[in-house]
1. For the stretch 69-121, enumerate the residues that are more than 14 Å from the ligand (Cβ to nearest atom), touching a Pro at 6+ places or on another chain (Cβ under 9 Å) and among the hydroxyl-bearing types (Ser, Thr, Tyr).
2. List every residue pair whose Cβ atoms lie under 9 Å apart, where the two residues are 6 or more positions apart in sequence or sit on different chains, the first residue falls within the stretch 350-377 and is without any contact (Cβ under 8 Å) to a residue 40 or more places away in the chain, and the second residue, located anywhere, is assigned to a helix (DSSP H, G or I) and more than 11 Å from the ligand (Cβ to nearest atom).
3. Residue by residue through the stretch 420-459, note down the ones that are surrounded by fewer than 16 Cβ atoms within 10 Å (Cβ to Cβ) and more than 16 Å from the ligand (Cβ to nearest atom).
4. Which condition does Val211 not pass, out of (1) modelled with pLDDT of 90 or more; (2) within 15 Å of the ligand (Cβ to nearest atom); (3) part of a helix (DSSP H, G or I); (4) touching a Ser or Thr at 6+ places or on another chain (Cβ under 6 Å), if it passes all the others?
5. Regarding Leu276, is this residue over 25 Å from the mean Cα position of the chain (by Cα), part of a helix (DSSP H, G or I) and not charged (D, E, K, R)?
6. Does at least one position in the stretch 254-269 carry a residue that is within 16 Å of the ligand (Cβ to nearest atom) and either in contact (Cβ under 8 Å) with a residue 12 or more places away in the chain or within 30 Å of Leu367 (Cα to Cα) (or both)?
7. Given the residues Ala383, Ala332, Ala340, Ala346, which is the only one that is more than 20 Å from Phe473 (Cβ to Cβ) and either of a type outside the set (Ser, Thr, Tyr) or outside any helix (DSSP H, G or I) (or both)?
8. Which condition from (1) surrounded by 12 or more Cβ atoms within 10 Å (Cβ to Cβ); (2) not basic (Lys, Arg); (3) not in a loop (DSSP other than H, G, I, E, B) is the one that Gln251 breaks?
Amino acid sequence: MDSAAALLYAALLLAAAGAYLYLAASRRGNHNLPPGPRGLPLVGSLPSLDPQLHAYFARLAGRYGPIFSIRLGSKLGVVVTSPALAREVLRDQDLLFSGRDVPDAARSISYGGGQNIVWNPVGPTWRLLRRVCVREMLSPAGLENVRGLRDREFRDTLRHLHAQAAAAAPVDVGAQMFLTTMNVITGTLWGSSIGSDAERAAVGKEFRHLVAEITEMLGAPNVSDFFPALARFDLQGIRRKSDVLKERFNQMFARIIEQRVRADQAGAEPPAPDFLEYMLKLEKEGGDGKTAFTMTNVKALLMDMVVGGTETTSNTVEWAMAELMTKPRLLAKVREELDAVVGRDAVVEEAHLPQLPYLHAVLKETLRLHPALPLMVPHCPDADATVAGYRVPAGSRVFVNVWAIMRDPAVWEDPAEFVPERFLPGGGEGRKLDFTGSEMDYLPFGSGRRICAGIAMADRMTAYSLAMLLQAFDWELPGGARLDLEERFAIVMKKATPLVAVPTPRLSRPELYSA
Ligand code: HEM
């Protein structure tokens, strides 16, 4: 045998051995994984991903069952699509599955991943941050402290919409509700410490732009997440973009904090206690004695509230309006309830909300069909786990497809129909269909220890917004426009075409709009 042939022979032998070892390793690695599409070597199912990920995963669940695995580059995704398996993941093995697989884009905007609530693993810091937020800001008692602020913001929105109505000008309903929600959340966070109304409006506008970019980016496929070894090359430039967005937020937060600290040092009259004041005090004390609380935590929490609370809330209101505008019979029922409780000689107030069960049922049905986070925020086990008898390896990205669960015909009668009555007393076949995540077929806010931290605020804001929009105005599509209910997937799901409509006043006297 000459030397060239020997070299070729050796290379072939080596290649065969390599292929054998690769196959053996991947067979061992795949041992007892949930079933799923085979995918291509190296890239797995990445090339066949459909941008409408929630609907694509629902179709795959139809083929492979209520738990399937899908290889996305070097990452393993596991998708759960039944109430029983959602219970296994979110309740029975809650702690094991409570970790997060932090996307590269989130690392920067969450100040490194370990500083805020959403992307922090469950542990002392996460516990302290959540406790601080829920107790001081997002609990029913915390919200009660700033009821006046919400009333003021809603009055402002009412005045603004009335001016739009006078000019017969179309309103982008989602954008308007975003601004209202943003003003309420930032007002709750730092009160009036950023000065004039005009300055607040400018901050609100800038935030909307930034939040939209962030949620868009978090939903976009990123090579760095599928091939962590390539993350340092940031091939799509997503990390660079998220650094820029983070810095813009950071500068705004720093300005707001600095103003407050300077005012405190100058011995200014202390502002009404707000969340920022509370956090700065905790930061000064260095934490709660057991767990540290730093200025980075202050900013990361501000980011959590601003990013987590705004689009989720305003998109829900936009969907509710779109559903009702295509269903005049249901719209008439909401109006009937509003006219009976509030009438047309007064403006709806937060105190009216508990007397509006049909309106609340409309919002629950909206969140069933259009959950703001259709795949929730993915969970991640920090050790190997077993679900439905299958192995879910540590580090897998676990999606609970609540969008599909809440449309499951095995659970819901006429699942595609918009029927608020199913949420009225006696309509839920004895199930407790509320936001607590106790029934695993209705999970718009998740369930278990990672359940949404802002439910009480979301509940009030969506109900107040929808009540005001419908009690004070009639809404018409601009001439020639068509209303559809098409969705566009992102980490926070959007209406594919924004709802734009023209308001007409329906209160008895114009003065009511400026009271
Ligand atoms: C209609 C409005 C909203 C919906 C549908 C919603 C839904 C959700 C869902 C599904 C999760 C993920 C649960 C999980 O990972 O298991 C979540 C997490 C979270 N939400 Fe909301 N949310 C809304 C509004 C808000 C508001 C107003 C705030 C605060 C101002 C907020 C703050 C948070 C935070 C901080 C988390 C992270 C919790 C954690 O990881 O421990 N959300 N939300």
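The values are calculated or read from the model by the stated rules, or taken from the named source; none is laboratory data. This structure is a prediction, so every number in the text was calculated from the model and none was measured. Ideal geometry is used to build each Cβ from the backbone, glycine not excepted, and the neighbour counts take in all protein chains shown.
1. Ser69, Ser74, Thr81, Ser82 - these are the residues of the stretch 69-121 that are more than 14 Å from the ligand (Cβ to nearest atom), touching a Pro at 6+ places or on another chain (Cβ under 9 Å) and among the hydroxyl-bearing types (Ser, Thr, Tyr).
2. Going by the 9 Å Cβ cut-off, the qualifying pairs are Ala351/Arg147; Pro354/His360; Gln355/Glu337; Gln355/Ala340; Gln355/Val341.
3. Passing the criteria: Glu421, Leu424, Pro425, Gly426, Gly427, Glu429, Gly430, Arg431, Lys432.
4. Going through (1) modelled with pLDDT of 90 or more; (2) within 15 Å of the ligand (Cβ to nearest atom); (3) part of a helix (DSSP H, G or I); (4) touching a Ser or Thr at 6+ places or on another chain (Cβ under 6 Å) one by one, Val211 breaks only (1).
5. Details: over 25 Å from the mean Cα position of the chain (by Cα): no; part of a helix (DSSP H, G or I): yes; not charged (D, E, K, R): yes.
Here the answer is no, as Leu276 does not meet what is asked.
6. Scanning the stretch 254-269, I find no residue that is within 16 Å of the ligand (Cβ to nearest atom) and either in contact (Cβ under 8 Å) with a residue 12 or more places away in the chain or within 30 Å of Leu367 (Cα to Cα) (or both), so the answer is no.
7. Numbers: Ala332 fails: more than 20 Å from Phe473 (Cβ to Cβ); Ala340 fails: more than 20 Å from Phe473 (Cβ to Cβ); Ala346 fails: more than 20 Å from Phe473 (Cβ to Cβ).
On inspection, the qualifying residue turns out to be Ala383.
8. Checking Gln251 against (1) surrounded by 12 or more Cβ atoms within 10 Å (Cβ to Cβ); (2) not basic (Lys, Arg); (3) not in a loop (DSSP other than H, G, I, E, B), the one that fails is (1).
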